[in-house]
Number of protein chains: 4
Amino acid sequence: MCAGFGADRVALASAIADYQESQSEDTAQALYWAAEPRRQEIVRRLNLAPGGTAAIVKMRALVLDSLQQHKDLAPLDADFLHLLSSWFNRGFLVLRRIDWSTSAAILEKVIRYEAVHEINGWDDLRRRIEPSDRRCFAFFHPQLADEPLIFVEVALTAAIPRAVGALLSPDHQPMAAEAATTAVFYSISNTQRGLAGVSFGDFLIKQVVEELRRDLPQIATFVTLSPIPGFVAWLRHEQAAPNGLLDEETRTAITKMDAAWTPSADARDPMEGPLMKAAAHYLLRAKTGNGLPIDPVARFHLRNGARIERINFAADLSKRGLSQAAGLMVNYLYDLDEIERNHEAFAAGGEIAASGQVQKLLVSVAPALKHQMNRL
Amino acid sequence: MCAGFGADRVALASAIADYQESQSEDTAQALYWAAEPRRQEIVRRLNLAPGGTAAIVKMRALVLDSLQQHKDLAPLDADFLHLLSSWFNRGFLVLRRIDWSTSAAILEKVIRYEAVHEINGWDDLRRRIEPSDRRCFAFFHPQLADEPLIFVEVALTAAIPRAVGALLSPDHQPMAAEAATTAVFYSISNTQRGLAGVSFGDFLIKQVVEELRRDLPQIATFVTLSPIPGFVAWLRHEQAAPNGLLDEETRTAITKMDAAWTPSADARDPMEGPLMKAAAHYLLRAKTGNGLPIDPVARFHLRNGARIERINFAADLSKRGLSQAAGLMVNYLYDLDEIERNHEAFAAGGEIAASGQVQKLLVSVAPALKHQMNRL
Amino acid sequence: MCAGFGADRVALASAIADYQESQSEDTAQALYWAAEPRRQEIVRRLNLAPGGTAAIVKMRALVLDSLQQHKDLAPLDADFLHLLSSWFNRGFLVLRRIDWSTSAAILEKVIRYEAVHEINGWDDLRRRIEPSDRRCFAFFHPQLADEPLIFVEVALTAAIPRAVGALLSPDHQPMAAEAATTAVFYSISNTQRGLAGVSFGDFLIKQVVEELRRDLPQIATFVTLSPIPGFVAWLRHEQAAPNGLLDEETRTAITKMDAAWTPSADARDPMEGPLMKAAAHYLLRAKTGNGLPIDPVARFHLRNGARIERINFAADLSKRGLSQAAGLMVNYLYDLDEIERNHEAFAAGGEIAASGQVQKLLVSVAPALKHQMNRL
Amino acid sequence: MCAGFGADRVALASAIADYQESQSEDTAQALYWAAEPRRQEIVRRLNLAPGGTAAIVKMRALVLDSLQQHKDLAPLDADFLHLLSSWFNRGFLVLRRIDWSTSAAILEKVIRYEAVHEINGWDDLRRRIEPSDRRCFAFFHPQLADEPLIFVEVALTAAIPRAVGALLSPDHQPMAAEAATTAVFYSISNTQRGLAGVSFGDFLIKQVVEELRRDLPQIATFVTLSPIPGFVAWLRHEQAAPNGLLDEETRTAITKMDAAWTPSADARDPMEGPLMKAAAHYLLRAKTGNGLPIDPVARFHLRNGARIERINFAADLSKRGLSQAAGLMVNYLYDLDEIERNHEAFAAGGEIAASGQVQKLLVSVAPALKHQMNRL
């Protein structure tokens, strides 16, 4: 479908020649039309049929899955992404609350698609959407009426939480929404593989913040409790990198961690200092080739204008939490007065907003702590 | 906004160079991205805001209005049309019935936008949407919830109607919908100037046909009662064209028509022969430069696969009906077994489907008729 | 239907005998069942059919209309009223806002049923429901989905209004709802003759007050601008009653009013004093046989707990306003802190709440005013 | 609440005296009003409050639960039933389909309230409402929006089913609804204890039949697959009743059944003859004191106008099915041409409609069968 349905090469050559002759806005635009791959028109026609949009999203997912084997599908994938980005423009999305009065057809998908903290069946789901201090919101597209495109789970609390266990516990005692001061975004999940690359998350968080402020004006703190998915992988790499970001003591300390990093609390607690320090380095200093934070979750929230508020030790002791992030989690804070400035400083110069306590972690470990670590 | 926000010329030149060197699908697509005017991204961003889509449709209308004076806005207009065509793709439209339970906000727009047979206030509107033998359907877009984009008015009847007067009369006695055999599409109106060029009408007719067949399976005939907007203008032109499509007798007869063509029935009736013949020529033989029927309504229905079923004399005696079409109207028949074939024959070779009785009108006027015409 | 379908007389006699023998709660209740007219069960069965409730409401209206001629229908009417009061219990009613997005089918009924200040067609209706400083609410019953049972029209203003003309004027310039301090209930209309005697109005006002307080918390004053329908009729009667409520001067002044009471402002203004005084006497002192205010509107608002806040001169100069109330209108104030107390004092002892300025009108006319009145 | 809030005894005595004096329709009705327990007005006032109706239904349930201990609550219970019967009159109920797009809040109640064939969690529920050949409908009251009052589960099949196991099996392969000829009502559950005595079931079945006929006009057979809840209890009783409905052979056979009656198929099959015969006697001949069938399910369907179409052996081998009905089930057939006649014959004279094959079971066992039974 790719080679055969790209731009008409003869027409394209002619449009190039015209443009090179006159370089007017008209010939520039004519060149644009001539360069449009015929694939796009085919996809637009597919969309005319009932159920067309859903079918196209599924086709995109298939293309993505084959991309590794069939690199020549890349242009087709790019066309899909181009059209889907246009069609799923935020202006066409509808925010809806998900709760116990939502249809089973939609709730079933929330169970299936939850990507951060697995939902174990209908009772567990209910604990996340029904209590007075829980909220869940999703974006929907009018053509995919029963498909949440992305959803966020929110806990209303009296303080910024340090760990996820208590939030998800079956024994949690709900508080009145009107008594909460803090809204905690503890899970954001994309659901449609076929929409990979179409960005929804930033809009979702912003609109949910607005929604909560309108309903519960006393809530003043909007914060996440987020995983650090790449931390342990990076640690293992740094451990063997004498000239890397970590100092000698920290590197030494890390070598003491066992593979699965599932020690008892006794063995774990002394690690707090080095791990917190290492995490601060990871989040603030470890960068990709083009200068962005290496951690994808950090990239997402920092780009949205959040600031790294706090790193929490022993915050996610699930198997995944330990193996990916040694049990650490981060609170990203959405301070409404700072979001715009943070977003721009990050976009312009890669500047990372972080609270004082997080920045302090970057400073050399104090002698007392060194001593303790040496004992490990 | 145009010159300054077209494609980045430097990047475009470089993409052209790359493409000319390798001519792969990848470089072709890279050229397409490089050629995209930055205007499009600006419009996509406008759409992110609440009410963005409606604002963009209004902006397009303003651009269209200024196009005559500011020809340099043409590229911007083309970008708007490109994006709006994509966003208002039929897959995103919703068909809704308009009736007396519809909101006043929407009904008011039906009154205002009706373009074919003017609606004189709320009582007249009610006669068109509430009786058991009347239907009205519109396409809506989820983002423009109270704006019908296009609507069609339908009369359910016992036979193909010859004139519009009886359909719209305040004295009309409704029949039971279940007794009707025929659905008459007697008015189709686009409402959004800002969506000019985005085509809805064909989808609307097809979906309304489906809707009616499901609700009223006994209805077997789907037909229009349509104006012939360009007929008199063309007649006046042909009158002075000895080598045109009309024969001498017809041309002579036409010169007898007064300017406003509002004669009494006595004077009008003898014109039936020549006018019917002339109309048949107009609809089937008069073509634009690129070989399409000169009449815009004919073009629309023929492209949709309808056939010219009957030309009706003294069918629309309103001022507009007389001045534009000498009182004539056409029935275009949507024969579900033929639509696809007609559409393709028209699209491929400009072939015009017409009933036997219409085709006969093309044949030379019979001697008896000639004699009568000479007496005029 | 009445005599034949009353209680079964034999069974009733037997139940009476049982009750007189034992006088237990059981025999009392058995007597109640035996006394139930069989008409009630017939009406309950009619209600089983689709559209049954609407049909019953219509039947009741017919019965009411025949009651004058057919006094023997009174028991049937009482049965209807008993069942309809139970079925249209406020717990089953739904409050809905009426605005320009409401269906034409409902709006048409608002035009038709408006009982206080006539609505002249759709444009006039629109001025009452669409501007930012206008509201309209109605009670609906789930079984009569398109029938507003009672509706109230509200103007949001910056002060308690003295006259209705400005509120209804086509030239009125709307203000922002958020800037209003006062909600004026200027028209309440019952729509269903068949529900006469079922009381909705008090619940409607209370719920609309709640609704407005939630949406527009800055509104602190809830007040009516109400007609005084029986004032002139009472005046004409009092005029000839030397030992009535009015003093000599006032009675003399009144005789100067012409029949239709449509004088120019010059002739009208000097009447202000005597008329205001007379109106205060009418509202506070004129009573029915069982000690209630003679004016039905006053009865309604006072029973709801409102207080007579102000009598306004030259407030409704429409033909009806002049002929019924000599152009006067009243503001009844719903002071949320007083409603309960006022209601109870009125219900218990017929005590009428009135502001100081209204109470002062009851006091003898001051000499200066007397002098002026003598000049009339 | 009872004794204190009954009728006003003084007023009642006076109304009795008036009635005994004149015995007119007016005094009869006045007696009815005087006899109304003040409890009813209290309940009507409770209903004014938001959530009042739901609260009243709950209160009724509490009263019912205490009735055994507190017999003096009987009058209060009767008042509740009287008002609730009026308020939950079928004319106020709304039929809604229950499927996988229904809210979790409602579905959860279906799981909880299913009274005939237990639903084991969400997956089992899904099998009953989502497949193409399954339907579920419920009555709702507008004031109890999320509370199904009664619901029926329907299987669409190609023939009248003989056993429930296959219908409920997780391995069931759905058929297309359009291919079904038969609608099987296999479970009807009331949900609100507080509405005990308010009859919904007959209306539900009739309206679901209408609904199915409109959607799937090819379905010609409407039938139940019903339990026989009192059969085994009655059998045990008859076993020891030499002059009862059963002949000697059958009684002897029955004594061979073990207590839990859960034999292997080998032991069970020879019982088919005697059990089928006994069931026919039970359903057609065993009567309550007032001449109605002793089986409550039979009473319900026969009163609705259904006929006993077939008794099925080994039809419900669940623990409950065996212990209550020795595994037997009944098909009651709703033949639309006969319903009215059956209903009236049953209501008038207790006449029970039954198919020929069921009636034959009443005839004495043929010698061959006797021989077989003797061998048991």
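Counting the residues of segment B:46-72 that are in a helix (DSSP H, G or I), at pLDDT 90 or above and more than 8 Å from chain A (Cβ to nearest Cβ) gives 14.
Residues in segment C:110-126 that are touching a residue at least 40 places away in the same chain (Cβ under 8 Å) and surrounded by 16 or more Cβ atoms within 10 Å (Cβ to Cβ) were compared, and the one that is nearest to the other protein chains (Cβ to nearest Cβ) is C:110.
Among the residues making up segment D:321-335, a single one is in a helix (DSSP H, G or I), within 9 Å of residue D:227 (Cα to Cα) and hydrophobic (A, V, I, L, M, F, W, C): D:325. Only residues that are part of a helix (DSSP H, G or I), of a type in the set (Asp, Glu) and in contact with a helix residue (DSSP H, G or I) (Cβ under 9 Å, 6 or more places away or on another chain): list them for segment D:208-251, please. D:215, D:238, D:249, listed by residue number. Among the residues of segment D:15-45, the ones that are open to solvent by less than 40 Å² (accessible area, probe 1.4 Å), free of Cβ contacts under 8 Å to residues at least 40 places away in the same chain and part of a helix (DSSP H, G or I) come to 12 in all.
Residue check: residue C:157 meets all listed conditions (1) more than 14 Å from every other protein chain (Cβ to nearest Cβ); (2) open to solvent by 40 Å² or more (accessible area, probe 1.4 Å); (3) of a type in the set (Ser, Thr, Tyr) but one, namely (2). Looking across segment C:56-72, the residues that are under 25 Å from residue D:89 (Cα atoms) and of a type in the set (A, V, I, L, M, F, W, C) come down to C:56, C:57, C:59, C:61, C:62, C:63, C:64.
Considering segment B:88-131, and only residues there that are among the acidic types (Asp, Glu), in a loop (DSSP other than H, G, I, E, B) and over 18 Å from the mean Cα position of the chain (by Cα), the residue that is nearest to residue A:49 (Cα to Cα) turns out to be B:99.
When we screen A:84, A:107, A:95 for residues that are among the hydrophobic types (A, V, I, L, M, F, W, C) and either open to solvent by 10 Å² or more (accessible area, probe 1.4 Å) or facing chain B (nearest Cβ under 10 Å) (or both), the only hit is A:95. Across segment D:157-194, the number of residues qualifying as more than 22 Å from residue D:302 (Cα to Cα) and of a type outside the set (Ser, Thr, Tyr) comes to 19. All of (1) open to solvent by 30 Å² or more (accessible area, probe 1.4 Å); (2) within 15 Å of the chain's Cα centre (by Cα); (3) without any contact (Cβ under 8 Å) to a residue 40 or more places away in the chain hold for residue A:196 with one exception: (3). Tell me which of these residue D:20 doesn't satisfy, since it passes every other one: (1) within 11 Å of chain C (Cβ to nearest Cβ); (2) under 26 Å from residue C:144 (Cβ atoms). Status for residue D:20: all satisfied but (2). Within segment C:25-34, the set of residues being farther than 22 Å from residue D:22 by Cα and within 9 Å of chain D (Cβ to nearest Cβ) comprises C:25, C:26, C:29. Picking from residues in segment C:299-319 that are under 15 Å from the mean Cα position of the chain (by Cα) and outside any helix (DSSP H, G or I), the one that is surrounded by the most Cβ atoms within 10 Å (Cβ to Cβ) is C:306.
Taking the criterion of being under 17 Å from residue A:27 (Cα atoms) and in contact with an Asp or Glu (Cβ under 7 Å, 6 or more places away or on another chain), would at least one residue in segment B:5-27 satisfy it? Yes. Being crowded, with 18+ Cβ neighbours inside 10 Å, among the basic types (Lys, Arg) and under 30 Å from residue D:93 (Cβ atoms) is the requirement here; does residue C:134 meet it? No.
Select from segment D:1-14 the residues that are more than 8 Å from every other protein chain (Cβ to nearest Cβ) and part of a helix (DSSP H, G or I) and list them in ascending order. Hits for segment D:1-14 are D:4, D:5, D:10, D:11, D:13, D:14. Of the residues making up segment C:141-200, those that are part of a loop (DSSP other than H, G, I, E, B), β-branched (Val, Ile, Thr) and within 19 Å of residue C:113 (Cβ to Cβ) are C:164, C:191, C:198. Evaluating residue C:179 against the criteria (1) touching a residue at least 12 places away in the same chain (Cβ under 8 Å); (2) closer than 19 Å to residue C:97 by Cβ; (3) surrounded by fewer than 21 Cβ atoms within 10 Å (Cβ to Cβ) leaves one unmet condition, (2). Being of a type outside the set (Phe, Trp, Tyr), free of Cβ contacts under 8 Å to residues at least 40 places away in the same chain and more than 14 Å from chain D (Cβ to nearest Cβ), is that true of even one residue in segment C:137-146? No, segment C:137-146 has no match at all. Cβ-Cβ contacts under 7 Å between residues 6 or more apart (or on different chains), taken from a first residue in segment C:285-296 that is closer than 13 Å to residue C:308 by Cβ to a second residue that is open to solvent by 80 Å² or more (accessible area, probe 1.4 Å) and of a type outside the set (S, T, N, Q), are listed as C:293/C:287.
Every condition in (1) open to solvent by less than 20 Å² (accessible area, probe 1.4 Å); (2) among the hydrophobic types (A, V, I, L, M, F, W, C); (3) within 17 Å of the chain's Cα centre (by Cα) holds for residue C:322 except the one numbered (3).
The values are calculated or read from the model by the stated rules, or taken from the named source; none is laboratory data. This is a predicted model, so every value here is computed, not measured. Cβ: placed from backbone, ideal geometry, glycine included. Neighbour counts: every protein chain shown. In case anyone asks, the SASA skips ligands and DNA or RNA and just uses the protein heavy atoms, side chains included. Shrake-Rupley method; radii C 1.70, N 1.55, O 1.52, S 1.80 Å.
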